[in-house]
């Protein structure tokens with residue numbers, strides 16, 4: 001699913017490197033607790049707003065969608081900050097406060113407000129900066145147009161409690177420093193813009209941002225950071241639906257480990273090589289390739305990457321046994337710590353700790369970085385679906401024990417192999433545990449004294465699953481029945497499965 005959105009880079013002085021950031025309410029599902037630019041999703045009604053003298057894009061062209069984006073930018077700016085960026089008669093402060101509340105309550109439209117005061121939007125007040133689309137690690141992706149706006153002299157920003165909780169102007173360097181210290185969460189695309197703004201001003205950083213985001217539009221891997229020191233690089237893989245990509249991760253600042261480069265596609269691999277080459281040019285040191293486990297969608301680029309960059313490959317001994325054709329430098333056992341050097345904020349003795357958490361696959365590892373508490377969880381958890389425990393390689397009881405261990409050690413972000421990171425990692429794992437228990441309860445409730453076939457149980461227990469996913473659900477059901485059989489809660493007969501005899 002793709003949504004179109006706008007984001008406003010606000011400044012008081014174009015010669016400075018400052019920008020206005022607003023903190024999103026921690027209770028929000030989407031980036032709750034993060035600092036971001038003001039902005040939001042483009043509404044259908046935004047097309048009704050009058051916009052005069054549309055700005056040309058960098059190549060001199062006009063875009064037919066531009067009026068709706070500009071209208072959304074002005075509306076979101078008014079809703080979130082109280083700034084009225086429209087030309088014509090200026091309403092009084094009292095009128096604007098009243099109408100802002102009506103707009104937020106959905107009792108009036110923005111086009112109606114502009115018409116009421118005889119105002120219109122002027123294209124010159126909104127400078128197109130760049131357009132960024134969320135990389136394909138998330139099922140919900142945003143096609144976001146960033147606009148630069150200078151706040152009118154004397155205008156006061158007012159953040160009303162609700163979707164936002166506070167806001168202020170930050171020098172780019174100060175905001176990035178707060179992020180590296182773990183004091184601020186900043187949404188990934190804003191981090192990209194702040195990084196380009198640092199050491200420049202709102203005029204001189206434009207060419208750099210446009211060059212970078214144009215390369216993103218052509219397929220280059222984004223520099224996606226949710227927490228410091230963990231760079232997310234989604235790669236298209238042949239994996240289990242609904243996932244389409246496997247997240248590779250680059251962990252470290254000076255010393256970098258590459259985790260699960262999974263794609264066997266040469267074009268996808270080329271994107272990764274380009275990113276690794278850039279990191280090497282920046283003086284980073286590639287230390288090795290780490291595997292969470294042996295499944296094919298996690299190892300597709302391992303051998304070529306190892307050959308190309310002379311990087312050793314490391315995995316748990318059980319996972320290594322599943323890949324007899326691959327050369328491993330050494331085994332990673334439970335509790336092993338790998339040296340990362342200095343953390344992004346300069347903290348010394350930063351480490352990457354290995355945790356053996358099997359159940360999904362033999363020798364499955366999770367990796368915990370010790371400065372910010374982020375955990376790379378592999379296939380222990382997904383944020384786009386439930387994890388399949390296939391009885392051919394997995395064990396549900398062992399997996400549930402590993403999930404509980406992951407819950408207990410999670411202190412910050414949990415980074416899955418499929419889907420976006422979970423900021424409240426412990427809660428995300430708790431939700432996965434609860435989902436498994438609810439599915440087991442549904443299975444127990446479906447069992448009867450008379451035997452039922454696997455397919456009959458599938459219809460009852462996985463009636464909420466799309467038909468295309470039923471073959472995977474059937475394997476998961478089998479794992480659940482095997483687990484219940486071990487617990488003495490189900491009997492297997494030649495006619496099917498039933499409740500135990502009294």
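The values are calculated or read from the model by the stated rules, or taken from the named source; none is laboratory data. Since we're looking at a predicted model, the values are computed, not measured. Positions of Cβ are generated from backbone atoms using ideal geometry, with glycine treated the same way; all protein chains shown enter the neighbour counts.
So the values come out like this:
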quantity	calculated
Looking only at the range 230-271, and only at residues there that are under 15 Å from the mean Cα position of the chain (by Cα) and in a loop (DSSP other than H, G, I, E, B), the one that is surrounded by the fewest Cβ atoms within 10 Å (Cβ to Cβ)	244
Single condition residue 78 does not satisfy, out of (1) touching a residue at least 12 places away in the same chain (Cβ under 8 Å); (2) farther than 15 Å from residue 163 by Cβ	(2)
Those residues of the range 77-107 which are buried (at least 16 other Cβ atoms within 10 Å of the Cβ) and in a loop (DSSP other than H, G, I, E, B), in sequence order	82, 83, 84, 85, 86, 91
In the range 321-331, the residues that are in a strand (DSSP E or B) and within 17 Å of residue 358 (Cβ to Cβ)	331
Among the candidates 49, 6, residue that is farther than 28 Å from residue 182 by Cα and either touching a helix residue (DSSP H, G or I) at 6+ places or on another chain (Cβ under 8 Å) or buried (at least 20 other Cβ atoms within 10 Å of the Cβ) (or both)	49
Residue check, residue 412 in contact with a helix residue (DSSP H, G or I) (Cβ under 8 Å, 6 or more places away or on another chain), assigned by TED's automatic domain parsing to the domain that holds residue 300, touching a residue at least 24 places away in the same chain (Cβ under 8 Å) and in a loop (DSSP other than H, G, I, E, B)	yes
Test for residue 287: is it closer than 17 Å to residue 329 by Cβ, without any contact (Cβ under 8 Å) to a residue 60 or more places away in the chain, surrounded by fewer than 20 Cβ atoms within 10 Å (Cβ to Cβ) and assigned by TED's automatic domain parsing to the domain that holds residue 364	no
Output for the range 1-13, where each listed residue is modelled with pLDDT of 90 or more and in a loop (DSSP other than H, G, I, E, B)	12, 13
Odd one out for residue 101, checked against (1) out of contact with any helix residue (DSSP H, G or I) (no Cβ under 9 Å at 6 or more places or on another chain); (2) in contact (Cβ under 8 Å) with a residue 40 or more places away in the chain	(2)
Residue within the range 38-55 that is closer than 20 Å to residue 191 by Cβ, outside any loop (DSSP other than H, G, I, E, B) and touching a residue at least 40 places away in the same chain (Cβ under 8 Å) present	yes
Residue under evaluation residue 179, criteria (1) in contact with a strand residue (DSSP E or B) (Cβ under 6 Å, 6 or more places away or on another chain); (2) part of a loop (DSSP other than H, G, I, E, B); (3) under 16 Å from residue 18 (Cα atoms), criterion not met	(2)
Qualifying residue in the range 51-63 (condition: assigned by TED's automatic domain parsing to the domain that holds residue 195, at pLDDT 95 or above, under 29 Å from the mean Cα position of the chain (by Cα) and under 25 Å from residue 197 (Cβ atoms))	no
Which numbered condition residue 136 misses (of (1) under 28 Å from residue 255 (Cα atoms); (2) in contact with a strand residue (DSSP E or B) (Cβ under 8 Å, 6 or more places away or on another chain); (3) assigned to a helix (DSSP H, G or I))	(3)
Single condition residue 388 does not satisfy, out of (1) touching a residue at least 60 places away in the same chain (Cβ under 8 Å); (2) buried (at least 19 other Cβ atoms within 10 Å of the Cβ)	(2)
Unmet criterion (only one of (1) assigned to a strand (DSSP E or B); (2) out of contact with any helix residue (DSSP H, G or I) (no Cβ under 8 Å at 6 or more places or on another chain)) for residue 431	(1)
Members of the range 443-454 found to be surrounded by 16 or more Cβ atoms within 10 Å (Cβ to Cβ) and either in contact with a helix residue (DSSP H, G or I) (Cβ under 6 Å, 6 or more places away or on another chain) or assigned to a loop (DSSP other than H, G, I, E, B) (or both), listed by number	443, 446, 447, 451
Sole residue being within 20 Å of residue 364 (Cβ to Cβ), in a helix (DSSP H, G or I) and assigned by TED's automatic domain parsing to the domain that holds residue 373, chosen from 274, 318	318
Test: residue 44 is in contact with a strand residue (DSSP E or B) (Cβ under 6 Å, 6 or more places away or on another chain) and either surrounded by 15 or more Cβ atoms within 10 Å (Cβ to Cβ) or in the same structural domain as residue 69 (by TED's automatic domain parsing) (or both)	no
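Here's the yes/no breakdown for (1) crowded, with 21+ Cβ neighbours inside 10 Å; (2) under 23 Å from the mean Cα position of the chain (by Cα); (3) modelled with pLDDT of 95 or more:
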{"site": "281", "(1), (2), (3)": "no, no, yes"}
{"site": "309", "(1), (2), (3)": "no, no, yes"}
{"site": "314", "(1), (2), (3)": "yes, no, yes"}
{"site": "320", "(1), (2), (3)": "yes, no, yes"}
{"site": "343", "(1), (2), (3)": "yes, yes, yes"}
{"site": "364", "(1), (2), (3)": "yes, yes, yes"}
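Listed here are the residues, each with its yes/no results for (1) modelled with pLDDT under 95; (2) touching a strand residue (DSSP E or B) at 6+ places or on another chain (Cβ under 7 Å).
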{"residue": "354", "(1), (2)": "no, yes"}
{"residue": "359", "(1), (2)": "no, no"}
{"residue": "368", "(1), (2)": "no, yes"}
{"residue": "374", "(1), (2)": "no, yes"}
{"residue": "379", "(1), (2)": "no, no"}
{"residue": "393", "(1), (2)": "yes, no"}
{"residue": "396", "(1), (2)": "no, no"}
